[in-house]
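These notes are about the structure you will find just below.
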Amino acid sequence: MTMNQSTDRATSSWLASAHTTPSTARLEWEQGGIAMLPTGRAFDTVRISAAIIHAAAQSGDSDTVAAYLGRVLDGPVINDAYDTSVWYYALVPLGSCTHHHAPDALRLTPDTTWLGVPAVHRTARPGAYWMHPPRHHEDFCVPEGVDEVISLGRQRAIRPRTPGPTGPELDSIAQACTELFEEQRDGQCSVDDATDSVMRARGHLMVLLPVIEDAVSRMPLDDRTRAHMERGIEEAHREMELDCSSSNLPRQYAHALRLARCCLDQVRLLRELDAAGIAQ
């Protein structure tokens, strides 16, 4: 057994110890890659909204966010995009971060809250994955770093007239996504071109989604527009989670066009919200 394998095994044993029957956690990891574990036994957890994280990192790009969280939190973080809104989960020492109890930043209730915890080797989508996996037994995020991210994210999120892409930038994103449809009609592109189109469309969508999600979170629950927007957000996340490594040209371009269509929908909604004064 190599050093890395030994470390992964020790880390998995530590995480599994949160379960009353650790063998159940190990079986769930083997079968589906995700184990449901209660918080407050081996670790505590702070759930932080994407709006806060992306505002603090000043980016929705996953690589940029990962680098920022690695530098400030210096500990294990789960990214979960199953819901209509993306959540980040920071593992913290038992008994810490008890003052976080708001909807956008919440310490999960010990023992009564179960968290979907990926296997330690699961570091990519689809579904929940480790943006930063635990590196050893009892590896935790720095509580002061968690406080800093939440405080900074809230400050940046409420600054006036900084909702995200507007005006010319929205025009640029819309034009780039429209051009993807024109590229498809030309029919002279390679698989590499199609893959590049997928990645560009994903990048545009990662810029747009946090802004839409933040606007939705401030709308009344019974608002019909909110329900429509939530369906669009859910569809966008579903497309984002699909594997983008296919070598099949038609399949890759179909994926790129679906992502581009999601981008155009988000641009239209942002323009409507900005005109109504909601996305401010």
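The values are calculated or read from the model by the stated rules, or taken from the named source; none is laboratory data. Note that the structure is a prediction, hence the values are computed from the model and not measured. Note that we place each Cβ from the backbone using ideal geometry, even for glycine, and neighbour counts take in every protein chain shown. These accessible areas exclude ligands, DNA and RNA; they are computed on the full protein's heavy atoms, side chains included. Shrake-Rupley method; radii C 1.70, N 1.55, O 1.52, S 1.80 Å.
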Accessible area in the full protein assembly, largest first, 1.4 Å probe, for His101, His204: His101, His204
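When the solvent-accessible surface of protein heavy atoms is calculated with a 1.4 angstrom probe, in what order do Asp214, Asp44 fall, highest first? Present the calculation step by step, with values, prior to reporting the outcome.
Values: Asp214 40, Asp44 5 Å².
My answer, sorted largest first, is Asp214, Asp44.
Rounded to two decimal places and with Rh computed the Kirkwood way over Cα pairs, what is Rg over Rh for region 5-74? Could you put the intermediate results ahead of the total?
Working: Rg = 15.2 Å, Rh = 14.2 Å.
Answer for region 5-74: 1.07.
Leaving ligands, DNA and RNA out of it, rank Trp87, Trp14 by accessible area with a 1.4 Å probe, largest first.
Values: Trp87 45, Trp14 10 Å².
I get Trp87, Trp14, largest accessible area first.
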All Cα pairs of region 1-141, percent lying beyond 22 Å: 33 percent
The chain: angle of helix 191-217 to the longest principal axis, Cα-based, in degrees nearest 10: 80 degrees
Amide H contacts of Leu115 (H built 1.01 Å from N, under 5 Å, at least 5 apart or other chain): Leu37, Thr39
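Counting only other residues whose beta carbon sits under 14 Å from that of Cys262, what net charge do I get with K and R as +1, D and E as -1? Walk me through the numbers before you get to the answer.
Details: positive: Arg200, Arg202, Arg231, Arg238, Arg258, Arg261, Arg268; negative: Glu213, Glu230, Glu234, Glu235, Glu239, Glu241, Asp265.
Once all neighbours under 14 Å are counted, the net charge is 0.
Under 10 °C and 1.306 mPa s, how fast does the chain diffuse according to Stokes-Einstein, given a Kirkwood radius computed over C-alpha pairs? Answer in µm²/s, whole number.
On the way: Rh = 20.0 Å.
Once the numbers are plugged in, D ends up at 79 µm²/s.
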Residue-normalised accessible area of the chain, given per residue in Å² at a 1.4 Å probe: 49 Å²
The chain: angle of helix 22-32 to the longest principal axis, Cα-based, in degrees nearest 10: 20 degrees
Angle between the chain longest axis and helix 249-276 axis [Cα atoms, degrees, rounded to 10]: 80 degrees
Charge-dipole axis of the chain as Lys and Arg at +1 and Asp and Glu at -1 on Cβ define it, positive-most pick from Val65, Val267, Ser197: Val65
Protein accessible area in the chain, 1.4 Å probe - carbon and sulfur %: 51 percent
Size of electric dipole in the chain: Cβ of Lys, Arg +1 and of Asp, Glu -1, about Cα centre, debye, nearest 20: 380 debye
